[in-house]
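**Student:** My questions all concern the structure below.
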Amino acid sequence: MSISVQLPDGSSRELGAGATAADLAADIGPGLAKAALIATIDGEQVDLNVELTDGTTVALITDRQDEGLETIRHSTSHVLAQAVLELWPGSTFAIGPPIEHGFYYDFELPGGSTFTDEDLERIDAKMREIIDADQPFIRSEMSASDALELMADHQYKRETIERVTTDSGDGLGVHDDDLSEEVSADGTVSFYRNTDAFIDLCRGPHVPSTGRLGHFKLMSVAGAYWRGDEKRPMLQRIYGTAWANKKDLKAHLHRLEEAAKRDHRKLANELDLVSWPAELGPGLAVWHPKGALVRKIIEDYSRDRHEHGGYEFAYTPHIAKSNLWETSGHLDFYADGMYPPMEMDGATYYPKPMNCPFHVMIYKSSQRSYRDLPMRIFELGTVYRYELSGAVHGLLRSRGFTQDDSHIFTTRENLQEELTSLLDFVLSILRAFGFHDFQAKLSTRPTEKSVGDDEIWDMATEGLRQALENHGLDYIVDDGGGAFYGPKIDVDVKDAIGRAWQLSTIQADFNLPERFELEYVASDGERKRPVMIHRALLGSVERFFGVLLEHYAGAFPVWLAPMQVQVLPVAEVHADYAETVRARLADAGCRVDVVDATDPLGKRVRAGKTEKVPYVLVVGDDDVANSTLGVNARGQDVERDVAVDAFMERIAADIDNKV
RNA sequence: GCCCGAGUAGCUCAGUCGGUAGAGCAAUUCACUCGUAAUGAAUAGGUCAGGAGUUCAAUUCUCCUCUCGGGCUCCA
């Protein structure tokens, strides 16, 4: 392996195999520390992210492309800021970090004016000028007071400087990894300057000079609150995407197009599944017959699995009096997410944002024995949550949705076993729908206040961890990320184009059993408190349907397809035979229709394909004579002269096949 | 809710520098009866999202409202 590194000053340096940043230390002066270098390893260009502390000690070297990419994105965001400040004198800039796929930068324009799409073109042109000028990124450090003076006209920068130079009490300064400012314990901050006219507060690192950049595209303008706080001023945010080379940029833009083609709202319209009449209001959908059929299949499958999985079914009302929500704590902790109350007959009713308290009522309806546990109550329960009108998004985010919700009441002793078998159940169902790539997250006890004793937290957390380990499931730990009432597992699935969707959640709860004073009689005759587990597998049926649509790009597997087979007689004389075939398939439990010969065959085939029907069968003279079919399987070439019997076996296998 | 953008026939879109609109597909009718991704013809279909203002005249300009899209925030 040979590594060739180009230094910020333009000279280059050859390094042998196994070289580290230590080998570079001598070549990089203190003023150029924290530079990202572009190197070639065996002739192939890689981005090296070299971080040096105080110009002498080596901290890190990596040949990981993505870290180099982060640097490119971050540097591009600086160029964006430089362009905007130049084009809009008097504007001020806030923060501009690299993000997944690109970067953004937040600005405040003079007089509160806003960017338009045409502005983006002007900014883009200016950025390319800066890049063509190949300006070097030069690092400097200064005291907080000098920095505040330098940024006298930029209140957001000043605020940031003050924040990062204020000690958080642990001697390490403020930890703010999400932001790209320099964070300092000794009261100094770092800046990067690339012309006399443009200098920005920044932790770095950056590419050596702007000439390294250029494979970017400004994507959109959006409003964003300063520091994400609704009560702070709204800034103008420009989003961009940036890549190491032209090919990657193109590939990314192509992926965006692919994702747009799979948009469930578009497919729902094209395939006549669901619509969102404006008359109903934001986030409210009506399910058309075909969409409703697919949904019913999903729900039936879920019910069937639960019935055979040791669950008992329940139905509960959609509203309840305020005292229920006071006892459950929802009115204290979740009021913002609830629909407004209704006053009736001197009492106050709320639509339910969750099903839990109702299932608790079922538990409490009689005295429970340890012999009754675990008790698993299941309901496809529709809940209502007040989402911001700007936040609703097709089926993925709506104001009313149906959870495949269950609450399991168990003894402490059985908690671990229950959690383990539960994860089994979850994965088995997700796999049936065609998801095979999982990423789990285990969220543990928060450091702040939480309820429940150490023993039970340990048991539950260990139970969840064991369940994950037993399944060899890839998981990350979100330390302290659990709710105050218990630890949880969230399961993300990856779809066909690699996007992650959070679907399942398994959550232990030590709080509601206390609040509702749940009890069971143990084997020794003592009254004990059960533990509760909340769990949803699909999450919300509506959202799951949306995810499935995007995953399959509308081409549902046979068992879920609303129309499984269409039979097309070539001409009217073949109609009787087509009907015979249809009847046989229908008898076998197949969803099948005949499309009669009023339109030309080509047109009917096209319509079937466009509707993504898994099998389009064509029957003509030869088929009538020989009891055969012409088979157009979705995504495959035409097969002629397939025996009807052979096709019957094939479709029967497909209908059974939960992927 | 807030910032930016959008809303023209069932769908996808043109168009009107202010004089009340057009195409393709879909629908309906007729003819064609066809072997694998759009047969031909005809008909019908729009208070140009809704309301107000300016104007002799508004789909077009202005304001407000509604809905949608992209973000912020939040989450299933």
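The values are calculated or read from the model by the stated rules, or taken from the named source; none is laboratory data. Being a predicted model, the structure only gives us computed values, none of them experimental. Cβ atoms come from the backbone with ideal geometry, glycine included; neighbour counts cover every protein chain shown.
**Student:** Which condition breaks for A:Ala588 when tested against (1) closer than 16 Å to A:Ala652 by Cα; (2) crowded, with 16+ Cβ neighbours inside 10 Å?
**Tutor:** (2)
**Student:** Still on this structure, please answer the following. In the set A:Val547, A:Val565, A:Val570, which member is in contact (Cβ under 8 Å) with a residue 12 or more places away in the chain and surrounded by fewer than 22 Cβ atoms within 10 Å (Cβ to Cβ)? Spell out how you get there, then give the answer.
**Tutor:** Numbers: A:Val547 fails: surrounded by fewer than 22 Cβ atoms within 10 Å (Cβ to Cβ); A:Val565 fails: surrounded by fewer than 22 Cβ atoms within 10 Å (Cβ to Cβ).
When all the criteria are applied, what remains is A:Val570.
**Student:** I've got another one for you. Report yes if some residue within the stretch A:485-504 is touching a residue at least 24 places away in the same chain (Cβ under 8 Å), of a type in the set (A, V, I, L, M) and either closer than 19 Å to A:Gly329 by Cβ or in a helix (DSSP H, G or I) (or both); otherwise report no. Steps first, please.
**Tutor:** Step one: of the stretch A:485-504, the residues touching a residue at least 24 places away in the same chain (Cβ under 8 Å) are A:485-497, A:499-504.
Among the residues that remain, those that are also of a type in the set (A, V, I, L, M) are: A:489, A:491, A:493, A:496-497, A:500, A:503.
If we keep only those that are either closer than 19 Å to A:Gly329 by Cβ or in a helix (DSSP H, G or I) (or both) as well, we get none.
No, the stretch A:485-504 contains no residue that is touching a residue at least 24 places away in the same chain (Cβ under 8 Å), of a type in the set (A, V, I, L, M) and either closer than 19 Å to A:Gly329 by Cβ or in a helix (DSSP H, G or I) (or both).
**Student:** Pick out the one residue from A:Glu326, A:Glu307 that is under 30 Å from A:Leu419 (Cα atoms), part of a helix (DSSP H, G or I) and at pLDDT 95 or above.
**Tutor:** Working: A:Glu326 fails: at pLDDT 95 or above.
Result: A:Glu307 is the single residue among A:Glu326, A:Glu307 that is under 30 Å from A:Leu419 (Cα atoms), part of a helix (DSSP H, G or I) and at pLDDT 95 or above.
**Student:** Continuing with the same structure: From the list A:Glu100, A:Glu129, which residue is surrounded by fewer than 16 Cβ atoms within 10 Å (Cβ to Cβ) and modelled with pLDDT of 90 or more?
**Tutor:** Working: A:Glu100 fails: modelled with pLDDT of 90 or more.
After applying the criteria, what remains is A:Glu129.
**Student:** Which residues, counting only those in the stretch A:522-544, are within 16 Å of RNA strand B (Cβ to nearest atom) and either in a helix (DSSP H, G or I) or without any contact (Cβ under 8 Å) to a residue 12 or more places away in the chain (or both)? Steps first, please.
**Tutor:** Taking the stretch A:522-544 as the starting set, the residues that turn out to be within 16 Å of RNA strand B (Cβ to nearest atom) are A:532-544.
A:Val541, A:Glu542, A:Arg543, A:Phe544, listed by residue number.
**Student:** Condition first: under 20 Å from A:Phe137 (Cβ atoms), within 15 Å of RNA strand B (Cβ to nearest atom), part of a strand (DSSP E or B) and not polar (S, T, N, Q). Can you find one or more residues in the stretch A:90-100 that meet it? Explain how you work it out, then say what you get.
**Tutor:** Within the stretch A:90-100, the first condition is being under 20 Å from A:Phe137 (Cβ atoms), and the residues that meet it are A:93-99.
Adding the requirement that they be within 15 Å of RNA strand B (Cβ to nearest atom) leaves A:94-99.
Now narrow it down to the ones that are part of a strand (DSSP E or B): A:98-99.
Filter once more, so that each one left must be not polar (S, T, N, Q): A:98-99.
Yes: the stretch A:90-100 contains one or more residues that are under 20 Å from A:Phe137 (Cβ atoms), within 15 Å of RNA strand B (Cβ to nearest atom), part of a strand (DSSP E or B) and not polar (S, T, N, Q).
**Student:** Given (1) within 30 Å of A:Leu213 (Cβ to Cβ); (2) touching a helix residue (DSSP H, G or I) at 6+ places or on another chain (Cβ under 7 Å), identify the lone condition not met by A:Arg255.
**Tutor:** Here A:Arg255 meets the rest and fails (2).
**Student:** Follow-up. May I ask you to list the residues in the stretch A:213-232 that are buried (at least 21 other Cβ atoms within 10 Å of the Cβ) and more than 16 Å from RNA strand B (Cβ to nearest atom)?
**Tutor:** Within the stretch A:213-232, the first condition is being buried (at least 21 other Cβ atoms within 10 Å of the Cβ), and the residues that meet it are A:213, A:216, A:218.
Hits for the stretch A:213-232 are A:Leu213, A:Phe216.
**Student:** Something else now. Just wondering, is there one or more residues in the stretch A:484-497 that are crowded, with 22+ Cβ neighbours inside 10 Å and among the charged types (D, E, K, R)?
**Tutor:** Yes - at least one qualifying residue is present in the stretch A:484-497.
**Student:** Next question. Select, from A:Asp345, A:Asp272, A:Asp336, the only residue that is free of Cβ contacts under 8 Å to residues at least 24 places away in the same chain, acidic (Asp, Glu) and out of contact with any Gly (no Cβ under 9 Å at 6 or more places or on another chain).
**Tutor:** The match here is A:Asp345.
**Student:** Criterion first (under 31 Å from the mean Cα position of the chain (by Cα), touching a residue at least 24 places away in the same chain (Cβ under 8 Å) and crowded, with 16+ Cβ neighbours inside 10 Å) does A:Glu519 satisfy it?
**Tutor:** Numbers: under 31 Å from the mean Cα position of the chain (by Cα): no; touching a residue at least 24 places away in the same chain (Cβ under 8 Å): yes; crowded, with 16+ Cβ neighbours inside 10 Å: yes.
So A:Glu519 fails the test.
**Student:** For A:Lys290, indicate whether it is within 14 Å of RNA strand B (Cβ to nearest atom) and of a type outside the set (A, V, I, L, M). Walk me through it before giving the result.
**Tutor:** Values: within 14 Å of RNA strand B (Cβ to nearest atom): no; of a type outside the set (A, V, I, L, M): yes.
The answer is no for A:Lys290.
**Student:** For A:Ser328, which of the numbered conditions (1) in contact with a Pro (Cβ under 6 Å, 6 or more places away or on another chain); (2) within 12 Å of RNA strand B (Cβ to nearest atom) fails to hold?
**Tutor:** Result: A:Ser328 passes all but (2).
**Student:** If we keep just the residues of the stretch A:576-602 that are free of Cβ contacts under 8 Å to residues at least 24 places away in the same chain and closer than 19 Å to A:Phe647 by Cα, which is nearest to RNA strand B (Cβ to nearest atom)? Give the steps one after another, and end with the answer.
**Tutor:** Just the residues of the stretch A:576-602 that are free of Cβ contacts under 8 Å to residues at least 24 places away in the same chain, to begin with: A:576, A:579-580, A:582-583, A:586-587, A:598-600, A:602.
Pick out the ones that are also closer than 19 Å to A:Phe647 by Cα and you get A:576, A:579-580, A:582-583, A:586-587.
On the way: A:Asp576: 13, A:Glu579: 14, A:Thr580: 14, A:Arg582: 16, A:Ala583: 19, A:Ala586: 21, A:Asp587: 23 Å.
The selected residue is A:Asp576.
**Student:** Return the residue satisfying two criteria in turn: it lies in the stretch A:67-80 and is surrounded by 24 or more Cβ atoms within 10 Å (Cβ to Cβ) and among the hydrophobic types (A, V, I, L, M, F, W, C), and of such residues it is modelled with the lowest pLDDT.
**Tutor:** A:Ile72
**Student:** Checking the structure you have, find out if any residue of the stretch A:256-268 is hydrophobic (A, V, I, L, M, F, W, C), surrounded by 13 or more Cβ atoms within 10 Å (Cβ to Cβ) and not in a helix (DSSP H, G or I).
**Tutor:** no
**Student:** Right, next: Output the residues belonging to the stretch A:105-128 that are more than 16 Å from RNA strand B (Cβ to nearest atom) and either free of Cβ contacts under 8 Å to residues at least 24 places away in the same chain or polar (S, T, N, Q) (or both). Explain how you work it out, then say what you get.
**Tutor:** Let us first name the residues in the stretch A:105-128 that are more than 16 Å from RNA strand B (Cβ to nearest atom), namely A:125-128.
Matches in the stretch A:105-128: A:Ala125 only.
**Student:** Now, a different point. Can you tell me which of A:Trp501, A:Trp559 is at pLDDT 95 or above and closer than 30 Å to A:Arg634 by Cβ? Steps first, please.
**Tutor:** Details: A:Trp501 fails: at pLDDT 95 or above.
Answer to the selection: A:Trp559.
**Student:** Another question, if that's okay. Being more than 13 Å from RNA strand B (Cβ to nearest atom) and either touching a residue at least 60 places away in the same chain (Cβ under 8 Å) or part of a loop (DSSP other than H, G, I, E, B) (or both) is the filter here; which residues of the stretch A:233-247 pass it?
**Tutor:** Going residue by residue through the stretch A:233-247, those that are more than 13 Å from RNA strand B (Cβ to nearest atom) are A:242-247.
Matches in the stretch A:233-247: A:Ala242, A:Trp243, A:Ala244, A:Asn245.
**Student:** Next question, about the same structure. Condition test on A:Ala555, is it without any contact (Cβ under 8 Å) to a residue 60 or more places away in the chain and within 11 Å of RNA strand B (Cβ to nearest atom)?
**Tutor:** On the way: without any contact (Cβ under 8 Å) to a residue 60 or more places away in the chain: no; within 11 Å of RNA strand B (Cβ to nearest atom): yes.
So A:Ala555 does not fit the description; no.
**Student:** Conditions first: (1) under 26 Å from A:Phe358 (Cβ atoms); (2) surrounded by 19 or more Cβ atoms within 10 Å (Cβ to Cβ); (3) out of contact with any helix residue (DSSP H, G or I) (no Cβ under 9 Å at 6 or more places or on another chain). A:Thr461 passes all but one, so which condition is the exception?
**Tutor:** Status for A:Thr461: all satisfied but (1).
**Student:** While we're here: Could you check how many residues of the stretch A:129-164 are touching a residue at least 40 places away in the same chain (Cβ under 8 Å), in a helix (DSSP H, G or I) and among the aliphatic types (A, V, I, L, M)?
**Tutor:** 6
**Student:** Among the residues of the stretch A:312-323, are any part of a helix (DSSP H, G or I), under 18 Å from A:Phe516 (Cα atoms) and either away from RNA strand B (no atom under 16 Å from the Cβ) or basic (Lys, Arg) (or both)?
**Tutor:** So the first thing to find is which residues in the stretch A:312-323 are part of a helix (DSSP H, G or I), and the list is A:322-323.
If we keep only those that are under 18 Å from A:Phe516 (Cα atoms) as well, we get A:322-323.
Filter once more, keeping what is either away from RNA strand B (no atom under 16 Å from the Cβ) or basic (Lys, Arg) (or both): A:322-323.
Yes, some residue in the stretch A:312-323 is part of a helix (DSSP H, G or I), under 18 Å from A:Phe516 (Cα atoms) and either away from RNA strand B (no atom under 16 Å from the Cβ) or basic (Lys, Arg) (or both).
**Student:** Out of all the residues in the stretch A:614-623, is one or more more than 9 Å from RNA strand B (Cβ to nearest atom) and at pLDDT 95 or above?
**Tutor:** Step one: list which residues in the stretch A:614-623 are more than 9 Å from RNA strand B (Cβ to nearest atom), which gives A:614-615.
Remaining after also requiring at pLDDT 95 or above: A:614-615.
Yes; the residues of the stretch A:614-623 include at least one that is more than 9 Å from RNA strand B (Cβ to nearest atom) and at pLDDT 95 or above.
**Student:** I'd like to know if the stretch A:275-286 contains one or more residues that are modelled with pLDDT of 90 or more, exposed (fewer than 14 other Cβ atoms within 10 Å of the Cβ) and within 16 Å of A:Glu542 (Cβ to Cβ).
**Tutor:** Yes: one or more hits.
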